[in-house]
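The values are calculated or read from the model by the stated rules, or taken from the named source; none is laboratory data. Here the structure is a predicted model, which is why all the values come from computation and not from measurement. Note that each Cβ is placed from the backbone with ideal geometry, even for glycine, and that neighbours are counted across all protein chains shown.
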Amino acid sequence: MYCESKAIQFSFSPERRIVMASNAEKKEITSNLRKYPPVLTVKEVCEILKFRPTKIYGMISNGEIKRIEKSGRHIRVLKADVIDFLIAHKNDG
């Protein structure tokens with residue numbers, strides 16, 4: 001009887017399992033994107049997401065992907081934001 005109550009006590013809640021799965025997904029995606037720098041160009045984001053540049057620019061202007069403050073004509077995106085986008089849209093397509 002004591003062992004059964006201990007097993008129940010240590011079982012993970014559904015919320016905890018989701019967080020653990022999310023962390024595992026994040027680690028997997030991060031390891032797959034290891035070759036990319038922490039700050040990405042639009043071209044690099046295109047390579048990662050397999051979208052055309054016009055789609056990426058639209059996603060940035062819509063706020064779907066955050067951008068770093070523009071310096072001149074250059075737009076940069078944090079790799080962490082692309083990873084978050086991939087996790088959030090994993091089951092969309």
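In region 65-72 there is no residue that is in contact (Cβ under 8 Å) with a residue 12 or more places away in the chain, surrounded by 14 or more Cβ atoms within 10 Å (Cβ to Cβ), outside any loop (DSSP other than H, G, I, E, B) and of a type in the set (A, V, I, L, M, F, W, C). Check whether at least one residue in region 77-86 is modelled with pLDDT under 95 and exposed (fewer than 11 other Cβ atoms within 10 Å of the Cβ), and report yes or no. Looking for residues that are modelled with pLDDT under 95 and exposed (fewer than 11 other Cβ atoms within 10 Å of the Cβ), one finds none in region 77-86, hence no.
Filter region 42-64 for residues that are part of a loop (DSSP other than H, G, I, E, B) and in contact with a helix residue (DSSP H, G or I) (Cβ under 9 Å, 6 or more places away or on another chain); which is farthest from LYS26 (Cα to Cα)? Walk me through how you get there before you give the answer.
Of all residues in region 42-64, those part of a loop (DSSP other than H, G, I, E, B) come to 50-52, 63-64.
Now narrow it down to the ones that are in contact with a helix residue (DSSP H, G or I) (Cβ under 9 Å, 6 or more places away or on another chain): 51-52, 64.
Details: PHE51: 21, ARG52: 24, GLU64: 18 Å.
Step by step, filter region 42-64, then rank; the result is ARG52.
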